[in-house]
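The values are calculated or read from the model by the stated rules, or taken from the named source; none is laboratory data. Remember, it's a predicted structure, so these values are computed and weren't measured experimentally. So basically every Cβ, Gly included, is an ideal-geometry build from the backbone, and we count neighbours across all protein chains shown. All accessible areas refer to the heavy atoms of the entire protein, side chains included, with ligands and DNA or RNA removed. Shrake-Rupley method; radii C 1.70, N 1.55, O 1.52, S 1.80 Å.
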Amino acid sequence: MLAAALSLSCACVHAIAQMDSSPPKAAAEHDTNLNNFQVLEFRRYSVKPGERSHFARYFDTYFPEAFQQLGAIAAGSFVERGNETGFTWIRGFHTIDGRAVANAAFYYGSVWNEHRDTLNDLMTDSDNVLLLHPLSWEHGVMILPAVDPVTEPNGAQGVIVAQVFAVKKDEVEAFAKEAEPAFAKYRAAGAHEAGVLVTSDAKNNFPQLPIRTDGPYLVWLGILRDDQTLERDFVPVTQQAAGTFTATGLLRGTPELIVLDPTPRSRMRWLPSWK
């Protein structure tokens, strides 16, 4: 669990001082800072039984804009189906150095300082974190517009799926190539592919936040319209693909399919304009 107090290193202080102080763009849709996040944290928390909805509400209320203002992004936030204590979110940074700068600025900043005791008290574990990067340029995480409170009065909709593959050492690229036909079938079954991510070899440059070191992993992300699409179209395809994945001989275990419901303000969601 995140410590209540952290000691800020001189290096991070210097990095924060060097951050770009130029005025923000006039409109978010023209802000290039909302693109090209090359470092991703896939963060899976455990919260106290019965407290997940409270945790999600706190998260949605206080944190998305705080990260965005620092040049990072809360790309999506979700509650996990079949696990009543599971809360998952994806945080993005433009570079690995930017990760250290933004995390230092946030965790030593006023927003976290005000709310950390409340959030830490609700969590039982926050160390299940994969540090990832896009498989390739075209497979980066989809950064969607913020939820519009006027045109989306019911909040974020849709179903998010994350399939996590434990890949054998030095076989990530080979597995990704073998898995692409199955991923194409996922897309044909109604999934908007939202990213294909693989474990980063970068050193954890903000060690106050632990990351997993049991990789490598490949994470496939998709967005579905609704439960009907999930159950009728998507799940059968994943079941058919299971044998194909095993037959590659490139995995260390059975793939994990995580079904996630977006929190009301999650960027990663089914957009109203999608058909």
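What figure, in Å² to the nearest 10, do you get for the accessible area of THR61 with a 1.4 Å probe and non-protein molecules left out?
About 90 Å², ignoring ligands and nucleic acids.
Once the whole set of protein chains is in place, how much accessible area is left on ASP121, using a 1.4 Å probe, in Å² to the nearest 10?
Counting only protein heavy atoms, ASP121 exposes about 90 Å² to solvent.
With the cut-off at 26 Å, tell me which of the pairs LYS169/LYS203; LYS185/LYS275; LYS48/LYS168 have Cα atoms farther apart than that.
LYS48/LYS168
Across bins of 5 angstrom width beginning at 0, how are the C-alpha pair distances of the chain distributed, in whole percent?
Spelled out bin by bin, the chain gives 1, 5, 12, 16, 19, 18, 14, 9, 4, 2, 0 percent.
Based on the Cβ-Cβ distance from ALA146 to THR95, what FRET efficiency comes out when R0 is 25 Å, to the nearest 0.05?
Once the sixth-power term is evaluated, E becomes 0.65.
Towards the positive end of the charge dipole of segment 57-143, with charges on Cβ (+1 Lys, Arg; -1 Asp, Glu), say which of ILE96, LEU131, ASN120 has the farthest Cα.
ILE96
Rolling a 1.4 Å sphere over the protein heavy atoms, what is the accessible area per residue of the chain, to the nearest Å²?
Ligands and nucleic acids excluded, the result is 49 Å² per residue.
Evaluate E = 1/(1 + (r/R0)^6) for LYS185 and ARG212, where r is the Cβ-Cβ distance and R0 equals 35 Å; express this FRET efficiency to the nearest 0.05.
Here the calculated transfer efficiency is 0.75.
Length gain on complete extension for the stretch THR254 to ALA202, per 0.36 nm per residue less the alpha carbon to alpha carbon distance?
16.2 nm
Kindly report, to the nearest 10 Å², the accessible surface of VAL150 as traced by a 1.4 Å probe over protein heavy atoms only.
Roll a 1.4 Å probe over it and VAL150 shows about 120 Å².
If N is the number of residues in segment 40-199, what value comes out of its Cα radius of gyration divided by 2.2 N^0.38 Å?
Output field value: 1.11.
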